[in-house]
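Worksheet: the structure to be examined is printed underneath.
What follows draws every value from the coordinates through simple rules; no lab data is involved. Keep in mind that what you see is a predicted model, and the values were worked out from it rather than measured. Methodologically, a virtual Cβ is constructed for each residue, glycine included, from the backbone with ideal geometry; neighbour enumeration extends over all protein chains shown.
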Amino acid sequence: MLQKLYDWVDERLDITPIWRDIADHEVPEHVNPAHHFSAFVYCFGGLTFFVTVIQVLSGMFLTMYYVPDIENAWHSVQYLQSQVAHGQIVRGMHHWGASVVIVMIFLHTLRVFFQGAYKKPRELNWIVGVLLFFVMFGLGFTGYLLPWDNKAFFATQVGLEIAESVPVIGTDIKTLLAGDPDIVGAQTLTRFFAIHVFFLPAALFGLMALHFIMIRRQGISGPL
Ligand code: HEM
């Protein structure tokens, strides 16, 4: 039955070469931990991707309950935690995943750095990687405010003051992010929400696509 359906679609759209292109790749020996234990360091990019997928999926479910305004944000999170079936687990995954993904991206970057995998011809992918790092950091920073509790409020205030300390354009950066030069308030919350769920994820998907296309074109770097 499934085979028939597959053949029917394949006859019309010729899909076999597409997934073969993705699936028919041998793992080079030097990145296979079954051959060299130390090759486990190559897993961190894939783990970063795996946790990112968890963040996106759990985040999509959180937005079904979260209300991005200062009257309701905190209550909506409490409601999700205490009343919604599995709400605590989904929020927990997103909360802890946010830290795990930073640890993974850091380990991945260390692997690339200490193996010199950023050298010619992979300089551009290193630059894309640095942008990915900033985007991840931005997701962490903007997400931290959303529960709208005391910790969120004061951490964001500190973060915005750090942004403000940038020479010349610091105040403009802070105003752009906070929506208000003086307080972390209603404007800040809706702005951070929009940045957290639309702007940065869009940038993340685009950059990850670039990252993976480049890895495919160049292959993984050789053994040390
Ligand atoms: C969302 C974040 C990221 C994801 C999902 C990701 C994923 C991956 C994956 C799956 C690989 C294949 C090899 C491996 O896993 O080690 C890879 C390679 C690579 N990554 Fe990332 N990465 C991310 C962020 C970064 C960052 C922050 C940097 C550096 C600043 C970076 C630089 C590179 C480079 C240069 C390669 C090629 C390495 C080689 O050929 O040996 N990536 N990445």
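General remarks:
- The shape of the stretch 93-224 can be summarised by an equivalent ellipsoid whose semi-axes, obtained from the alpha carbon gyration tensor, come to 32, 16, 14 Å from longest to shortest.
- With the alpha-carbon atoms of the chain aligned to their principal axes, the span from lowest to highest coordinate is 55, 51, 34 Å, starting with the largest.
- Proxy reagent accessibility, fewest Cβ within 10 Å first, across 112, 56: 56, 112
- Per-residue [θ]222 nm for the chain (sum of -39500 (n - 2.57) over DSSP H runs n ≥ 4, rounded to 500): -22500 deg cm²/dmol
- The stretch 85-121 and the stretch 24-72: distance between their alpha carbon centers, rounded to Å: 7 Å
- For residue 65 and residue 137, the FRET efficiency from 1/(1 + (r/R0)^6), where r spans their Cβ atoms and R0 equals 35 Å, is about 0.85.
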